[in-house]
1. Across 10 Å bins from the origin, how do the percents of Cα pairs in the chain run, short distances first?
2. Based on Cβ point charges of +1 for Lys and Arg and -1 for Asp and Glu, what charge dipole magnitude is obtained for the stretch 4-107 about its Cα centre, in debye rounded to the nearest 20?
3. Between His22 and Glu9, what length comes free when the chain is fully extended (0.36 nm per residue of separation minus the Cα-Cα distance, one decimal in nm)?
4. Would you compute, from DSSP H runs of 4+ residues alone, the mean residue ellipticity of the chain at 222 nm, taking -39500 (n - 2.57) per run and dividing by the full residue count, rounded to the nearest 500?
5. Going by how many other beta carbons lie within 10 Å of each one, how would you line up Asp47, Asp12, fewest first?
6. Could you rank the peptides 27-33, 86-92 by their average count of other C-beta atoms within 10 Å per residue, with the highest value first?
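We did not get these values from a lab; they are worked out from the coordinates using the rules stated. Please read all numbers here as calculations on a predicted model, not as lab measurements. Glycine also receives a Cβ, built like all others from the backbone with ideal geometry; neighbour counts cover every protein chain displayed.
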Amino acid sequence: MTATFLNIESLDTLEALFESSHGGPVVIFKHSSTCGISMHVKELITDVKGNINMIVVQQNRDISNAVEARTGHRHQSPQAFVIRDGKAVYHASHYGIDPEAINGHLLNDL
């Protein structure tokens, strides 16, 4: 199974994801459509087993800023989070993003 990418295009959707993280982990990926590293990392994380909620930072900088405010992690792209109970339990950026580590956080909740 490969990842399914779902675009986050509103602050309401982001809020709903943080709320749903109280029932299980949620993956959020900040992606730059103009960055070669971000494009490559997006390919690498297709190994994540589940949904990846993606923010394209050029189109939704306000949503990206809201993630920074909610998690306390300075904006970067690419950047990945696993949110559980409204908090970032995993955070990495650039080539530090590890699909196996993300899967570990997702599988711990099964």
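1. Using 10 Å bins, I get a P(r) of 16, 54, 29, 1 for the chain.
2. For this selection, approximately 180 debye.
3. That works out to 2.6 nm of additional length.
4. -10500 deg cm²/dmol
5. Asp12, Asp47
6. Packing order, densest peptide first, comes out as 27-33, 86-92.
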